[in-house]
Amino acid sequence: MNSPLRLADAHPGPSFAVTFDGREIRALPGQTVAAALWAAGVTSWRTTRDQGRPRGVFCGIGVCFDCLVTVNDRPNQRACLLPVEPGDTIRSQAGTGHDG
Ligand code: FES
């Protein structure tokens, strides 16, 4: 079966660890936070302010802001644009992402 990496003839460097809501997941150099979450089977990581509806990637190009996520205690990062870095602490966020 062809994987996305094989289809693109990509040869990324070794994977590294990040966490998502306290769970360790593996990420590859060059991936965005969204790509790393998708590869780990996570498709939703935010809930809307008013109705708590689940959100993840919608446009994938930084326009819609649906993919907002908290990374290293910084809320409202666009997961589809932000490169994932070794050791990142990624958290799902509710509403505005500002606790309290
Ligand atoms: S998915 Fe639209 S801004 Fe990230």
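The values are calculated or read from the model by the stated rules, or taken from the named source; none is laboratory data. Keep in mind the model is a prediction, meaning the values are calculated, not measured. Here Cβ is always computed from backbone atoms with ideal geometry, including for glycine, and neighbour counts include all displayed protein chains. Quick note on the areas: whole protein, heavy atoms, side chains included, nothing else; ligands and nucleic acids left out. Shrake-Rupley method; radii C 1.70, N 1.55, O 1.52, S 1.80 Å.
When you look at ALA17, is it surrounded by fewer than 12 Cβ atoms within 10 Å (Cβ to Cβ), of a type in the set (A, V, I, L, M, F, W, C) and either touching a residue at least 60 places away in the same chain (Cβ under 8 Å) or in contact with a strand residue (DSSP E or B) (Cβ under 7 Å, 6 or more places away or on another chain) (or both), yes or no?
Working: surrounded by fewer than 12 Cβ atoms within 10 Å (Cβ to Cβ): yes; of a type in the set (A, V, I, L, M, F, W, C): yes; either touching a residue at least 60 places away in the same chain (Cβ under 8 Å) or in contact with a strand residue (DSSP E or B) (Cβ under 7 Å, 6 or more places away or on another chain) (or both): yes.
When the stated conditions are applied, ALA17 passes them.
Take region 1-55 and flag every residue that is of a type in the set (D, E, K, R) and under 14 Å from the mean Cα position of the chain (by Cα). Step through it out loud before you land on a result.
In the first step, residues of region 1-55 are kept if they are of a type in the set (D, E, K, R); the result is 6, 9, 21, 23-24, 26, 46, 49-50, 53, 55.
Answer for region 1-55, where residues must be of a type in the set (D, E, K, R) and under 14 Å from the mean Cα position of the chain (by Cα): ASP21, ARG23, GLU24, ARG26, ARG46, ARG55.
Quick check on my filter: what residues within region 33-72 are without any contact (Cβ under 8 Å) to a residue 40 or more places away in the chain and of a type in the set (A, V, I, L, M)?
Answer for region 33-72, where residues must be without any contact (Cβ under 8 Å) to a residue 40 or more places away in the chain and of a type in the set (A, V, I, L, M): ALA39, ALA40, VAL42, VAL57, ILE61, VAL63, LEU68, VAL69, VAL71.
Every residue in region 36-52 that is away from the ligand (no atom under 12 Å from the Cβ), open to solvent by less than 50 Å² (accessible area, probe 1.4 Å) and either in a helix (DSSP H, G or I) or farther than 19 Å from ILE25 by Cβ (or both), please.
ALA36, THR47, THR48, GLY52
Kindly list the number of the only condition in (1) within 16 Å of the ligand (Cβ to nearest atom); (2) open to solvent by less than 30 Å² (accessible area, probe 1.4 Å) that fails for GLY95.
(1) is the only condition that GLY95 fails.
Quick one: in region 53-75, which of the residues that are open to solvent by 60 Å² or more (accessible area, probe 1.4 Å) and on the phi > 0 side of the Ramachandran plot is farthest from the ligand (Cβ to nearest atom)? I'd like the intermediate steps shown before the answer.
Just the residues of region 53-75 that are open to solvent by 60 Å² or more (accessible area, probe 1.4 Å), to begin with: 53-55, 58, 61, 63, 65, 72-74.
Going one step further and asking which of them are on the phi > 0 side of the Ramachandran plot, we end up with 65, 72-73.
Details: PHE65: 5, ASN72: 18, ASP73: 20 Å.
This residue is ASP73.
Could you please tell me which pairs satisfy a Cβ distance under 7 Å, a separation of 6+ or placement on different chains, a first residue in region 75-96 that is in contact (Cβ under 8 Å) with a residue 40 or more places away in the chain, and a second residue that is open to solvent by 70 Å² or more (accessible area, probe 1.4 Å)?
CYS80/ILE61; ASP88/ASN72; THR89/ASN72; ARG91/ASP21; SER92/ASP21; GLY95/ARG49; THR96/ARG49
In region 20-32, what count of residues is obtained for those that are part of a strand (DSSP E or B) and free of Cβ contacts under 8 Å to residues at least 40 places away in the same chain?
So the count comes out to 4.
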